[in-house]
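Participant: Here it is, the structure, as structure tokens.
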Amino acid sequence: MLKVIIVILLICVVLSLMSGLVFLFKDTGKPESRRLWYALGVRITFATLLLLATGYGFYTGELRMGLNAPWHETTETANVTEGSEEAQ
């Protein structure tokens with residue numbers, strides 16, 4: 001569930017970044033427009049939530065990195081098996 005939340009937050013960050021770019025081009029001649037600033041605030045909020053969710057995932061152990069990643073388990077098992085056969 002946490003991984004789904006992280007993906008959704010990442011998509012929201014990218015969407016708010018794109019909306020800020022659109023507002024930048026559309027509101028170039030309008031100094032009173034605040035839409036770009038609002039898009040920046042939304043992006044900062046989503047990015048903060050994304051960092052908090054990622055930190056929570058690492059803190060609780062739901063997210064792992066390094067040699068604890070799921071794709072390393074099969075490689076390590078194969079290497080241990082090969083190493084024990086060579087030793088015999």
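What follows draws every value from the coordinates through simple rules; no lab data is involved. This structure is a prediction, so every number in the text was calculated from the model and none was measured. Every residue, glycine as well, gets a Cβ built from its backbone with ideal geometry; the counts of neighbours run over all protein chains shown.
Participant: Which order do peptides 53-59, 16-22, 30-36 fall in by mean Cβ count within 10 Å, highest first?
Facilitator: Those peptides, ordered most packed to least, come out 16-22, 53-59, 30-36.
Participant: Going 7 Å from the Cα of L2 along its beta-carbon direction, which residues of the range 24-55 have the amide nitrogen within less than 16 Å of the resulting point?
Facilitator: 49-55
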